[in-house]
1. So with the 1.4 Å probe, I'd like the accessible area per residue for the range 1-44, rounded to whole Å².
2. For the range 18-57, what's the radius of gyration and Dmax over Cα atoms, in angstrom?
3. At a threshold of 8 angstrom on Cα-Cα distance, excluding pairs fewer than six apart, so keeping six or more, what relative contact order does the range 90-148 reach in percent?
4. If I take R0 = 35 Å and measure r between the Cβ atoms of residue 137 and residue 165 in this structure, what FRET efficiency does the formula 1/(1 + (r/R0)^6) give, to the nearest 0.05?
5. Express in Å², to the nearest 10, the accessible area of residue 129 obtained by rolling a 1.4 Å probe over the protein heavy atoms while all chains stay in place.
Amino acid sequence: SDETGPIPAREYGFEKAHWDVIACLDGDSYVVPTWLEEITQPLNTPHVNSVSGYPILLGSYWASYIFFLQWLPPLRHIFPFYFWLGNFACRKEDYDISGGIKKCREIGKSLWLYYPAEDCILSFLLQKRGKLAFARKARSYVYPGVFFDEENRNAKQREDLKKIKKYFNR
């Protein structure tokens with residue numbers, strides 16, 4: 001069913017949340033003990049409304065390192081900023097105004113994406129209202145499993161990201 005899995009769970013949880021900040025972590029991840037403090041700390045900075053944590057892909061040091069590099073100057077002016085692997089936090093008010101996961105689903109369907117990419121789309125929606133920060137110490141550890149096992153997955157994800165970027169750049 002389309003109503004099972006992480007996307008409907010996020011949508012339900014985010015809609016029911018009544019706090020000022022929403023933090024999200026994928027169910028197959030584990031984090032450093034200070035993760036919640038680290039992922040929410042940048043939200044104390046003016047104009048920052050969302051934060052991406054630093055995912056460490058177990059068994060894939062290079063993929064983790066490449067993700068980290070996108071946040072370093074001058075590379076962060078080349079690569080788009082977006083949430084990756086369900087390790088993020090945002091202001092509830094900005095989430096609600098952005099249209100949330102429901103809007104992400106609509107955009108994903110209209111773009112005919114191969115993967116849902118709701119976290120990526122959400123990060124672009126939130127950046128319309130504020131800045132996305134990177135919390136280097138908010139580390140989550142995840143074994144990518146099928147993330148890199150599926151044939152042509154990286155190429156399909158790159159195509160999806162191009163569609164998303166084009167959508168938000170128009």
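1. Working: 3020 Å² over 44 residues.
Accessible surface, normalised per residue, equals 69 Å².
2. When restricted to the Cα atoms of the range 18-57, Rg and Dmax are 11.0, 32 Å.
3. On the way: 21 pairs, mean separation 18.0, N = 59.
That works out to 31 percent.
4. Values: r = 28 Å, r/R0 = 0.80.
For residue 137 and residue 165, the calculated efficiency is 0.80.
5. 120 Å²
The values are calculated or read from the model by the stated rules, or taken from the named source; none is laboratory data. Because the structure is predicted, anything quoted here is derived from the model rather than measured. Positions of Cβ are generated from backbone atoms using ideal geometry, with glycine treated the same way; all protein chains shown enter the neighbour counts. Note: accessible area is taken over every heavy atom of the protein model, side chains too, but ligands, DNA and RNA are not part of it. Shrake-Rupley method; radii C 1.70, N 1.55, O 1.52, S 1.80 Å.
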